[in-house]
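**Q** This is the structure I have questions about; it appears just below.
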Amino acid sequence: MHLLAGLVWAHASLVSVPVSQHPDTARDRPLLRVLAINDFHGALEPQVWLWSGGRAVGGAAALKSWLDSLTRTCECATIRLDAGDEMQGTLISNYSFGRPAIAAMNAFGIDAAAIGNHEFDWSVDTLRARMAGAHYRFLAANISDSATTVTPAWAEPWTVIERGGVRVAVIGLALPETPVNTAPRNVRGLAFGDGAAAVRRVLPRARAGADYVIVVAHEGAFCDAACHGEIVDLARGLDSGSVDLIVSGHTHSLVNTVVNGIPIVQARSSGAGIAVVDFLRGRQVRARIETPFADLVHPDDGVADSVRAYAGAVAALTRRPVARFEQELRRVGDEYGLGRLIADAQRRIARSDVALVNNGGIRADVPAGAVTYGDLYRVQPFQNRLVRLAVTGSVLRDAVEHALARPDGRADAHVAGLEAWYDPARPAGRRITRLRLADGAAVDDAHTYTLAVSDFLAAGGSGYAMLRNARQDDVGMTDLDALVQYLGDLRQPIAAPTDARLHR
Ligand SMILES: [Zn+2]
């Protein structure tokens with residue numbers, strides 16, 4: 001997915017990460033350590049996050065050192081897994097259709113990976129070319145040819161990894177919603193089935209002779225008071241304890257829970273987390289999510305050199321001028337010009353009645369004067385697809401209520417084609433006093449409207465669960481490309497819109 005938003009990550013800072021402990025004796029040593037990442041999204045360079053206290057996290061060179069260190073300190077059999085969405089998401093990776101991301105995964109020593117929905121973004125042919133360059137298996141037990149129901153040769157359902165005398169069967173799962181999360185042409189002729197059914201189907205064979213069975217799934221969950229989402233439902237749909245671990249992905253969230261006797265982990269996204277799962281004697285499992293701060297390791301020299309070379313190759317693109325702005329656009333207050341501009345861009349390009357952009361997805365300010373593609377890439381780095389939903393007025397109202405539901409009463413999204421009046425003193429979910437469209441008409445609960453959002457929000461990210469079941473069309477481009485196209489159509493220099501849309 002769907003790329004994330006600050007809200008989810010805000011929780012991450014609250015999670016305390018235990019310091020790695022060196023095993024005192026062979027007896028305390030794990031029988032198996034699983035190191036797992038997910039949703040790498042081409043994050044070859046380290047990033048500073050809202051929650052990371054100004055420190056850079058991840059980057060391929062630091063991640064490689066972290067993984068090696070977590071292997072060394074365990075002195076145990078270790079395998080490395082990835083839960084998919086490896087390639088799509090940064091200019092460096094996208095520019096060569098994911099080659100640098102696959103090279104990073106090779107350097108990480110990934111043993112097996114789930115096939116994420118974004119793996120299809122450049123067609124099955126391109127994916128197969130990338131697979132040919134990978135030193136590991138891509139797994140998906142729930143992808144089949146829609147005509148023959150046979151699994152395509154490039155999507156093995158499961159594999160066995162033997163390490164230090166330990167046999168681990170790994171079953172892969174793709175996102176069942178892949179066909180609605182990517183352009184239809186990318187997955188023509190393929191069917192994406194239910195994950196739990198696929199696991200149950202291959203489990204007897206995978207289990208035979210294996211010490212551990214692990215599901216690596218590009219399906220996710222969000223955890224607040226409790227964890228909820230597809231992967232939680234999937235775990236409930238299996239026999240209790242029938243698999244030893246689920247490595248989850250797609251929702252870019254921090255998950256470390258047990259459902260139906262099955263541990264489930266997910267380590268944020270973009271290399272900003274590493275799930276460390278130790279299997280101990282007596283079927284005990286100890287799981288944690290490490291934060292791979294770049295300043296705690298010496299970055300791997302070979303990987304660092306290769307990232308520098310790839311970055312050099314895109315420098316010309318990064319520096320390409322896209323637009324000129326009258327003033328610096330800063331993200332201050334509830335509603336700001338940059339947010340309105342992005343919402344306007346999405347509404348115009350998607351030709352929808354309304355657009356809604358979560359503030360967590362607006363990641364950087366824009367300087368005054370000439371602005372480059374690289375500048376805008378930092379504003380919207382997630383490569384979310386822009387989608388057009390068909391929603392009833394009542395779902396639209398719920399979505400806007402959610403944007404206005406913060407305890408401090410501040411709006412947490414930008415809208416276009418819509419104006420809302422609200423009372424922050426009222427209980428969350430019942431704050432809107434008036435809601436009207438751009439043409440002045442009141443929103444009719446029973447009427448159907450088109451709503452432009454990122455595929456991240458459409459999948460229920462940032463708490464927008466009300467959008468999850470809406471009919472959706474892929475607009476055919478990313479949110480960033482929609483913004484770039486829109487800005488190119490405007491008179492230069494651009495002045496950001498100043499009209500308030502969410503009135504307290
Ligand atoms: Zn995904």
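**Q** Counting Lys and Arg as +1 and Asp and Glu as -1, what is the net charge of the other residues whose Cβ lies under 15 Å from the Cβ of residue 80?
**A** Every neighbour counted, the sum reads -3.
**Q** Could you look at segment 162-303 and say what percent of its accessible area is carbon and sulfur, using a 1.4 Å probe and all protein chains?
**A** Heavy-atom surface of segment 162-303 belonging to carbon and sulfur, 1.4 Å probe: 50 percent.
**Q** Could you tell me how many degrees, from 0 to 90 and to the nearest 10, lie between the Cα long axis of helix 393-403 and the main elongation axis, the longest principal axis, of the Cα atoms of the chain?
**A** It is inclined by approximately 70 degrees.
**Q** Could you tell me how many degrees, from 0 to 90 and to the nearest 10, lie between the Cα long axis of helix 99-108 and the main elongation axis, the longest principal axis, of the Cα atoms of the chain?
**A** Between the helix axis and the principal axis of the chain, the angle is about 40 degrees.
**Q** Starting from a Cα-only point model with no solvent, please compute log10 I(q)/I(0) by Debye for segment 97-236 at q = 0.11, 0.17, 0.19 1/Å.
**A** One equal scatterer on each Cα of segment 97-236 leads to -0.41, -0.99, -1.19.
**Q** Nearest 5 percent is fine: what portion of the DSSP beta bridges confined to segment 31-311 is antiparallel?
**A** Close to 60 percent.
**Q** Can I ask one more? Please report the antiparallel percentage of the DSSP beta bridges confined to segment 96-241, to the nearest 5.
**A** Of the beta bridges lying entirely in segment 96-241, close to 50 percent run antiparallel.
**Q** Using the per-residue mean of other Cβ atoms lying within 10 Å as a proxy for protection, in what order, highest first, do the peptides 124-135, 163-174, 107-118 fall?
**A** Packing order, densest peptide first, comes out as 107-118, 163-174, 124-135.
**Q** If you take the charge dipole of segment 342-441 about its Cα centre, with +1 on Lys and Arg Cβ and -1 on Asp and Glu Cβ, which of 392, 367, 345 is farthest toward its positive end?
**A** Farthest towards the positive pole: 392.
**Q** Turning to a different aspect of this structure: Which whole-percent values make up P(r) of segment 31-311 when all C-alpha to C-alpha distances are grouped in 10 Å steps starting at zero?
**A** 7, 32, 38, 20, 3, 0
**Q** Find out how many positive minus negative residues lie around residue 423, taking Lys and Arg as positive, Asp and Glu as negative, among other residues whose Cβ is under 12 Å from that of residue 423.
**A** Here the charged neighbours net out to +4.
**Q** Given +1 on the Cβ of Lys and Arg, -1 on the Cβ of Asp and Glu, and no further charges, what dipole in debye does the chain carry about its Cα centre, rounded to the nearest 20?
**A** Here the size comes out at about 200 debye.
**Q** Step by step: find N for the chain, compute 2.2 N^0.38 Å, then divide the Cα radius of gyration by it. What's the final number?
**A** Taking N as the residue count of the chain, the ratio is 0.96.
**Q** Okay, moving on. What is the helix-to-structure angle for 301-313, meaning the angle in degrees between its Cα long axis and the longest Cα principal axis of the chain, kept from 0 to 90 and rounded to the nearest 10?
**A** The helix 301-313 is inclined about 30 degrees to the chain.
**Q** Roll a 1.4 Å probe over the protein chains and send me the accessible area per residue for the chain in Å².
**A** Result: 39 Å² of accessible area for each residue.
**Q** Taking Cα centroids, how far is segment 422-491 from segment 85-163 in Å?
**A** 32
**Q** I'd like the carbon and sulfur percentage of the solvent accessible area for segment 321-503, probe radius 1.4 Å, heavy atoms only, ligands and nucleic acids excluded.
**A** Exposed carbon and sulfur together represent 44 percent of the surface.
**Q** Among DSSP bridges having both ends in the chain, what percentage is antiparallel? Round to the nearest 5.
**A** Within the chain, antiparallel bridges account for around 70 percent of the total.
**Q** Round to a whole number: what % of the accessible area of segment 62-144 belongs to carbon and sulfur, probe 1.4 Å?
**A** In segment 62-144, the share of accessible area belonging to carbon and sulfur is 49 percent.
**Q** Whole-Å semi-axes of segment 290-404's equivalent ellipsoid, largest first, each the root of 5 times a Cα gyration tensor eigenvalue?
**A** 33, 20, 15
**Q** Can you give me the relative contact order of segment 321-503 as a percent, contacts being Cα pairs under 8 Å and 6 or more apart?
**A** 34
**Q** Given Cα pairs under 8 Å that are at least 6 residues apart, what percent is the relative contact order of the chain?
**A** Computed value for the chain: 17 percent relative contact order.
**Q** Please quote Rg/Rh for segment 321-503 to two decimal places, taking the Kirkwood radius as Rh and restricting both calculations to Cα atoms.
**A** 0.95
The values are calculated or read from the model by the stated rules, or taken from the named source; none is laboratory data. No experiment lies behind these values; they were computed from the predicted model shown. As a convention, Cβ positions derive from the backbone with ideal geometry for all residues, glycine included, and neighbour counts pool all protein chains shown. Only protein heavy atoms, including side chains, enter the accessible area calculation; ligands, DNA and RNA are left aside. Shrake-Rupley method; radii C 1.70, N 1.55, O 1.52, S 1.80 Å.
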